[in-house]
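Undergrad: Below you'll find the structure I mean.
The values are calculated or read from the model by the stated rules, or taken from the named source; none is laboratory data. Just so we're clear, the structure is a prediction, and the values are computed from it rather than from any experiment. Don't worry about glycine lacking a Cβ; one is built from the backbone with ideal geometry, like all the others, and counts go over all protein chains shown.
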Amino acid sequence: MSYQRQLIKHCRACGSAVLYRLPDDGDTKERAVCSTCHLVHYENPLNVVGTVPYLGQRVLLCKRNIEPRKGKWTLPAGFMELGESTAQGAARETTEEAGAHFNIGNLFTVMSVPRVGQVHLYYLAELLNEDFNPGFETQEARMFSESEIPWEELAFRTVQETLKHYFEDQKSGKFEVHAFNID
């Protein structure tokens, strides 16, 4: 299944109707082009950024208090904001959702999810303690060992895949960047 784009109907600059066509600049993809001011509107994937917060042999998961998948467990993550780097966004989301104290580490997973028009990026984050103060998006923040992970209650496949890679790398003692697609 391919990504179903949301059709743009009006120009964000002048409000006129847009037409889907090839732009005059030599672009090879059909784009929303304003019929009046000729502004080309690009539709690009959204970046989801987060962390794998860990301390010793355990990781921190958050139980979602918002849709989608309210009541399911996830790594702290969310949409990247304008003006921040991917690492800054991942750190902000971890603070907002878990109220955790940590040192942000290296990029760990990069997952393209074309069917929903997203790219997910997770960073390693070493927790400084187990004092959590979850925000309104989180019902509960809790530490889990690999054997305790509620695998059937994870909110998203990207979380499941990231955790699998984390525990495999933890066993080998070598953390690498994992980049792959989720269809």
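Undergrad: Within the range 130-162, take every residue that is among the β-branched types (Val, Ile, Thr) and either out of contact with any Lys or Arg (no Cβ under 7 Å at 6 or more places or on another chain) or without any contact (Cβ under 8 Å) to a residue 24 or more places away in the chain (or both) and give me the one that is farthest from GLU96 (Cα to Cα). Spell out the reasoning first.
TA: Taking the range 130-162 as the starting set, the residues that turn out to be among the β-branched types (Val, Ile, Thr) are 138, 149, 158-159, 162.
Narrowing the set further to residues that are either out of contact with any Lys or Arg (no Cβ under 7 Å at 6 or more places or on another chain) or without any contact (Cβ under 8 Å) to a residue 24 or more places away in the chain (or both) leaves 149, 158-159, 162.
On the way: ILE149: 22, THR158: 20, VAL159: 18, THR162: 20 Å.
If we take residues in the range 130-162 being among the β-branched types (Val, Ile, Thr) and either out of contact with any Lys or Arg (no Cβ under 7 Å at 6 or more places or on another chain) or without any contact (Cβ under 8 Å) to a residue 24 or more places away in the chain (or both), then ILE149 is farthest from GLU96 (Cα to Cα).
Each row is one residue, and each column tells you yes or no for (1) of a type in the set (A, V, I, L, M); (2) part of a loop (DSSP other than H, G, I, E, B); (3) over 27 Å from ALA179 (Cβ atoms); (4) not assigned by TED's automatic domain parsing to the domain that holds THR162.
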| site | (1), (2), (3), (4) |
| --- | --- |
| LEU7 | yes, yes, yes, yes |
| ALA13 | yes, yes, yes, yes |
| THR28 | no, yes, no, yes |
| PRO53 | no, no, no, no |
| LEU60 | yes, no, no, no |
| GLY83 | no, yes, no, no |
| ALA87 | yes, no, no, no |
| VAL110 | yes, no, no, no |
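Undergrad: If you go through the range 24-65 one residue at a time, how many are surrounded by 13 or more Cβ atoms within 10 Å (Cβ to Cβ), of a type in the set (Lys, Arg) and over 20 Å from ARG92 (Cβ atoms)?
TA: 2
Undergrad: Still on this structure, I have one more. Quick test of your reading of the structure: GLU81 fulfils all but one of (1) in contact with a Cys (Cβ under 6 Å, 6 or more places away or on another chain); (2) farther than 28 Å from SER147 by Cβ; (3) of a type outside the set (Gly, Ala, Ser). Name the failing condition by number.
TA: (1)
Undergrad: Taking the options GLU96, GLU168, name whichever one is part of a helix (DSSP H, G or I), assigned by TED's automatic domain parsing to the domain that holds PHE79 and within 18 Å of the chain's Cα centre (by Cα).
TA: Details: GLU168 fails: within 18 Å of the chain's Cα centre (by Cα).
Just a single option satisfies the conditions, and that option is GLU96.
Undergrad: Right, next: Which of the residues spanning the range 70-98 are within 16 Å of THR162 (Cβ to Cβ) and either loosely packed, with under 15 Cβ neighbours inside 10 Å or acidic (Asp, Glu) (or both)?
TA: Of everything in the range 70-98, those that are within 16 Å of THR162 (Cβ to Cβ) and either loosely packed, with under 15 Cβ neighbours inside 10 Å or acidic (Asp, Glu) (or both) turn out to be GLU93, GLU97.
Undergrad: Starting from the range 163-176, take each residue that is surrounded by 14 or more Cβ atoms within 10 Å (Cβ to Cβ) and list its partners that are in a helix (DSSP H, G or I), counting only C-beta distances under 7 angstrom and pairs at least six apart or across chains.
TA: Close Cβ pairs satisfying both conditions: PHE167/GLU146; PHE175/ASP169.
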